[in-house]
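Please treat every number below as a calculation from the coordinates, not as lab data. A quick note: this is a predicted structure, and the numbers were derived from the prediction, not measured. With ideal geometry, Cβ positions are generated from the backbone for all residues, glycine too; neighbour counts draw on all protein chains shown.
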Amino acid sequence: MSEHDNYIRQIVTQHTPSVTYIAQEKISEIKPHIHAWANGHGYILKLSGSLAKGTGITGTTDIDVFISLDPSVSTCNTLENVYNTLRNRFNMAGYDPREQNVSVGINHTGLKMDIVAGVKHHIFGQDHSIWKRKSQTRTKTNIDQHINYVKGSGRTFDIKAIKIWRKLRGLDFPSFYLELSVIEALKGRTLLGVSPSDNFVKVMNYLAEDFVDKIIIDPANQNNEVSEELSEDEKQIIRDAAITTLQGSWNQAIW
């Protein structure tokens, strides 16, 4: 293993969070609010996001909670109302919730939590509809498929390295979009005898050369272009950061 490989492994280890073990405990603590909000409708709470995928890093990883509501909810609530009433519930509980695109963000005992509510399409399936606040429309998603897709990609280490890079530069690069971009950048590269430093450079080259024009599709919904989450100007900022990184030294790339 090269010196650069050892360096990047050391940095990723330093940035790997220890919060995972308390995530379920924190979800249990907010469950009474969710239970009251659900008002008798059937639901399941799931850990989702970076912690569930194994791609979380210190300093930016929230505890992501997904509320899977039974299909009967859609008969008496619009998806917009599902989102708004969830926000209102946490507001009344004194949390001062943040309105995000598909999630309601709260601070709970010093930890950031993002809560998404989705309505199942079928009782025995895993496809859900959720509300997208920014575009004022619904979209289909499948949290379980997202988790399995990222975990099964073999790229969780590389994703964490790029998330560290993003954090150090304060880049606006949504996590799922970032995860799918890393998987795309490393498509076809071996998972055996992998060189973390070579993979990091490969991703930087992708971000510098192909990222801006690349259409990234949600693996759980072919009609959802994840790459639409950022404008072209926002993508150009990421591209420029990658170009600058490629021109520098390793200790200027991630630390």
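Before moving on, here are some points about what is shown:
- Straight-distance crosslink candidates among aspartates and glutamates, where the alpha carbon sits under 13 Å from Lys46 and sequence neighbours closer than 8 are dropped: Glu25, Asp64, Asp114, Asp144
- Gain on full stretching of the segment that runs from Gln10 to Lys187 - 0.36 nm per residue minus C-alpha separation: 61.3 nm
- Using a cutoff of 8 angstrom between alpha carbon atoms and counting only pairs six or more residues apart, the relative contact order for segment 68-131 works out to 37 percent.
- For segment 42-76 versus segment 106-181, the gap between their alpha-carbon centres in whole angstrom: 9 Å
- Looking at the chain, the DSSP beta bridges with both ends there are about 75 percent antiparallel.
- Nearest 10 degrees, 0 to 90: helix 196-209 Cα axis against the chain principal axis: 80 degrees
- Options (1) 1.10; (2) 1.31; (3) 1.05 - which one matches Cα Rg over 2.2 N^0.38 Å as calculated here: (3)
- Gain on full stretching of the segment that runs from Lys134 to Asn223 - 0.36 nm per residue minus C-alpha separation: 30.3 nm
- Angle in degrees between helix 232-246 and the longest Cα principal axis of the chain, rounded to the nearest 10: 40 degrees
- Projecting the Cα atoms of Ile159, Val116, Ser68 onto the charge dipole of segment 45-162, computed from C-beta unit charges around the Cα centre, puts Ile159 farthest toward the positive end.
- Charge dipole magnitude, Cβ of K and R +1, D and E -1 - the chain, Cα centre, debye nearest 20: 500 debye
- Mean residue ellipticity (222 nm) of the chain, computed from DSSP H runs ≥ 4 via -39,500 (n - 2.57), nearest 500: -14000 deg cm²/dmol
- Efficiency of FRET between Asp70 and Val201 - r from beta-carbon atoms, R0 45 angstrom, step 0.05: 0.45
- When the listed pairs Lys31/Lys134; Lys31/Lys132; Lys134/Lys187; Lys163/Lys187 are checked against a 20 Å cut-off, the alpha-carbon distance exceeds it for Lys31/Lys134; Lys31/Lys132; Lys134/Lys187.
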